[in-house]
Structure formats: structure tokens, C-alpha cells
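Down below is the structure, laid out as C-alpha cells.
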């Protein structure tokens, strides 16, 4: 097992770059942190490329890591790599999944249109996983799914369901050709969500936290839905709204 003590080591500098989207895109890799995320990644074959642990940190015996390169690092290096205030001292370098999930085979889809907040995106991915969605599609303007904050918020759901980055207009056009109903989320020409009873396949779109869905995408929906507000709040958090709709749709299946 290799041991790296200095945070100035070229290998450490390369790992650190994975906290930046440009480097993640170029290398098609990303870094995860924490026991839970690493354990979930290890359950997926051909995902973890390397495990990094801080000296003094014991890895669980149940982890099957015999065929995975391991590197031991100093506390100094652990702090440099960490994107959290208090690191658990275990990291993994992972391979990005190719955006090759077959949209035609997905029966239930969640489309994200221009979402910016990593915490919201991670929570939505986690909720989609819990609600049994087949595929999550991130459209233009949506934050990187491999952003460390997205990964933490999703709590391992990246390893449970396909997540792809595609032009939503192309995806919606394909879905319409298949006869899959596409639901937007807005007051504009919208109906209260409980008036809809989706059966079988469907696609649900949620939009940007401030401006909502783009007009380009809105023009392609079959029906727009809204969740009524009973108190004085102007709106619901987009992740909460997505959760309400996903579970409502699931219960109608």
C-alpha cells in the first residue's frame, strides 16, 4: 500500500482537481468522501478505481477491496481532499457512468430543467431513487451530478439508478413519439396535481429554483401541474415539491 504524506504531492494535487467540474468532465472520474458513499460505490461493479484512507482510519472488514488499489495518506492530505468541515478520513476515486442509459426502456422519468442548487439536486435524486423512478435526466443549466454537495445529498443514490445529462427537448420529443405523457410543474396553464391520475409510463419535469421551467421546455409538455399553497409561503422548495409529486404518481400506479 502506498503512503502519501505531503499535500504537495502531484497525485494529491490531481485528486484535489476532481473537486472541480472541468477536471471531472475531462477525466470522466470523480471523488467521493465518507464511509456510506464509499460502501455504496463498492456495491457497483467496475465503479471504484481507488480507495484513499487517512492513517489511523480502519476500513470495515466487510468491504471487498482486495482488487482495488489502496493509498494511505496523512491527516494533512485528508484535510486537503475533504469538502466537509470534519472528514471521516476515507475517500474513493470513481468512474463516471457513461450517459448511455436507454431512455426508450425507462417507464418513469424525472427531468431536471436548469436546477442550480447542488443540495436540491442531490435530494431530488435521492427521492427519485426512493420513489422507484427508472431514470433521472439532467438538462441544460442543471448543476453537475458529480459535484461533492450533490453526491452527499443523494446519499449513494447515484449508484442505484441511472442519471444522464441530455438536452430535454430531445428527450421529450422521443418520449412523445412513444406516447409517454410529459408533465410540467408550473401555475401557467396548470391544474392541481391531484386531478391527474397517471397510469403506466410518464415523465415529470421540475424547473429552476427561482425562474421555474424554461419556456422552450414548457412548450413541449402535455399538461402542467401545480401544488396548492395553503399558508402564506410563496412557494415550496423544489425538492419538496418533487417528492410530493413523485410519491403521488407512485401511489397511482
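The values are calculated or read from the model by the stated rules, or taken from the named source; none is laboratory data. Quantities reported herein were computed from a predicted structural model and do not represent experimental measurements. Reconstructed Cβ throughout: ideal geometry from the backbone, glycine too, with neighbour counts over all protein chains shown.
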Taking residue 34, is it at pLDDT 95 or above, in the same structural domain as residue 91 (by TED's automatic domain parsing) and surrounded by fewer than 17 Cβ atoms within 10 Å (Cβ to Cβ)? no
Whichever residue in the stretch 6-31 is over 28 Å from residue 141 (Cα atoms) and touching a strand residue (DSSP E or B) at 6+ places or on another chain (Cβ under 8 Å) and, among such residues, is surrounded by the most Cβ atoms within 10 Å (Cβ to Cβ): 12
In the stretch 1-45, the residues that are within 19 Å of the chain's Cα centre (by Cα) and in a loop (DSSP other than H, G, I, E, B): 18, 19, 20, 28, 34, 43, 44, 45
Would it be correct to say that residue 147 is in the same structural domain as residue 131 (by TED's automatic domain parsing) and out of contact with any helix residue (DSSP H, G or I) (no Cβ under 7 Å at 6 or more places or on another chain)? no
I need the full set of residues from the stretch 199-215 which are under 18 Å from residue 176 (Cα atoms) and either assigned to a loop (DSSP other than H, G, I, E, B) or touching a helix residue (DSSP H, G or I) at 6+ places or on another chain (Cβ under 7 Å) (or both), in order please. 199, 200, 201, 202, 203, 204, 205, 206
Residue list for the stretch 84-102, filter: over 17 Å from the mean Cα position of the chain (by Cα) and either surrounded by fewer than 21 Cβ atoms within 10 Å (Cβ to Cβ) or closer than 30 Å to residue 214 by Cβ (or both): 84, 85, 86, 87, 88, 102
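To keep it simple, each residue is scored yes or no on (1) assigned to a strand (DSSP E or B); (2) in contact (Cβ under 8 Å) with a residue 40 or more places away in the chain; (3) exposed (fewer than 13 other Cβ atoms within 10 Å of the Cβ).
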position: 161; (1), (2), (3): no, no, no
position: 170; (1), (2), (3): no, no, yes
position: 194; (1), (2), (3): no, yes, yes
position: 197; (1), (2), (3): no, yes, yes
position: 224; (1), (2), (3): yes, yes, no
position: 243; (1), (2), (3): no, yes, no
Sole residue being modelled with pLDDT under 95 and out of contact with any strand residue (DSSP E or B) (no Cβ under 8 Å at 6 or more places or on another chain), chosen from 120, 105: 105
Can you list the strands (runs of 3 or more DSSP E) lying wholly within the stretch 57-145 that have 2 or more residues being within 22 Å of residue 178 (Cβ to Cβ) and in contact (Cβ under 8 Å) with a residue 60 or more places away in the chain? 108-113
Looking at (1) in a helix (DSSP H, G or I); (2) closer than 23 Å to residue 145 by Cα; (3) touching a strand residue (DSSP E or B) at 6+ places or on another chain (Cβ under 9 Å), which is the only condition residue 49 fails? (1)
